[in-house]
Structures are given as C-alpha cells and as structure tokens.
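Asks: Next up is a structure, given as structure tokens.
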Amino acid sequence: MPILDPHTVEFISSSSDQTVRLGIRLGELLQPGDMVCLFGDLGAGKTALSRGIGRGWGTALRVTSPTFTIMNEYPRLKDGAVLYHLDCYRLETDMDVETVGLEDIFDGPGAVVIEWPEKIEGWLSPDRLAIYIKYLNETRRTMQFKATGPRSEQLLDDFKRNAFGV
C-alpha cells in the first residue's frame, strides 16, 4: 500500500471479494455528511466497493447499482441514518441533474456514495474522498484514495488504520 502523499493512498485489489472487504472497512467509518466519489470505467468495481460500503454502514439491504433509478437509499439498522448511493452515468443535462434533488441529498443527514461523479462536478462538496478505480485484469484493480478536505483527510487516516493497520 503506497502512501503517495499525506492525502493519497494507492492499493491493488486482487479480487472482487477483497474490493468488497475494503468497502466494508470504509463503510464502518462513514458518518452522516460524508461524501465518497467513485471514479472508474464500466466494470472497474465501483458497485462492488459500494456493496461493501453499504455492509460496513450497517444496512440490512443488499446494495445494488442504481444505474436506472439514479439513486438508492440504504438506512442503517442501528439508527436509521441513510446512505445515499447515486449513479450519475445517465445524467446528461443540467435539467436531469436538477430533477434528482441533489440539494436535499447533499444537505441532508446522510452519507453519500457517488458513481460517475464527474457528471455532477459542480454539485460536489470540496471536502470529499475520491476513489479512482482502474481495471488491471479480470481480478485485479488499482484503487487510489484521495482526500480533498479536513473531514475526508480524517476519514482516509481512519481508513488506513482500519483496513491496513497503518
């Protein structure tokens, strides 16, 4: 696990199961108000990571890709706090973005995981954890975690300890 700088960590996942486990470690640390942005091509592993994040968050629901619904909500069992999972792949115009209700989601009491965040760049919090996932081969993915503000820096530090003992 190379630490590229104080705000960036890179890791190679060797399987979908390992990607899910990393997501669990991250999801255990998320708090309402946190934003996690997942960048990567189709099939890179964004939904596998999201599935793990949901499990770590503590939802009893199976996390699935919201490609056609744009957004899924996953309440946490212990307190009902919601994890919002957005897939912005199909958002093409400003009107598409406005009809989703992003203001309510981003200003609300939940945490947010966003696939294809580049489609809504102007709406994103300046303090977010960006995760760049790249396909290496059928089983391996490189994952770069980059914090962009004080809360996401704390989240990244906690994640390094939780996932890697660093």
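Asks: How compact and how long is the range 1-44, expressed as Rg and Dmax of its alpha-carbon atoms in Å?
Replies: 12.0, 30
Asks: State the extension gain, in nm to one decimal, for the chain segment bounded by residue 137 and residue 103, taking 0.36 nm per residue of separation less the distance between their alpha-carbons.
Replies: The residue 137-residue 103 span can extend by a further 8.5 nm.
Asks: Could I ask something else about it? Just for the Cα atoms in the range 97-166, what are the lengths along the principal axes, largest first, rounded to whole Å?
Replies: Taking max minus min along each principal axis of the Cα atoms, the range 97-166 gives 38, 30, 17 Å.
Asks: Hey, what do the phi angles of the range 25-36 turn into as Karplus ³J(HN,Hα) couplings, whole Hz, using 6.51/-1.76/1.60 and θ = phi - 60°, x for Gly and Pro?
Replies: 4, 6, x, 4, 9, 5, 10, x, x, 6, 10, 10
Asks: I would also like to ask the following. Given Cβ point charges of +1 (Lys, Arg) and -1 (Asp, Glu) and nothing else, what value in debye, to the nearest 20, does the dipole of the chain about its Cα centre take?
Replies: My answer is approximately 880 debye.
Asks: So for the range 3-164, what are the equivalent ellipsoid semi-axes in whole Å, largest first, each being the square root of 5 times an eigenvalue of the Cα gyration tensor?
Replies: 22, 18, 16
Asks: Fully extended, how many nm does the chain gain between residue 161 and residue 41 (0.36 nm per residue separation, minus their Cα-Cα distance)?
Replies: 40.4 nm
Asks: Now for a separate question. Which peptide among 116-123, 26-33, 150-157 comes first, and what is the full order, when sorted by highest mean count of other Cβ atoms within 10 Å?
Replies: 26-33, 150-157, 116-123
Asks: Rounding to the nearest 10 and keeping the result within 0 to 90°, find how far the Cα-based axis of helix 46-57 lies from the longest principal axis of the chain.
Replies: So the inclination is approximately 90 degrees.
Rule-based calculations on the coordinates, nothing more; no lab input. This one's a predicted model, so the numbers in the text were calculated from it and none came from an experiment. So basically every Cβ, Gly included, is an ideal-geometry build from the backbone, and we count neighbours across all protein chains shown.
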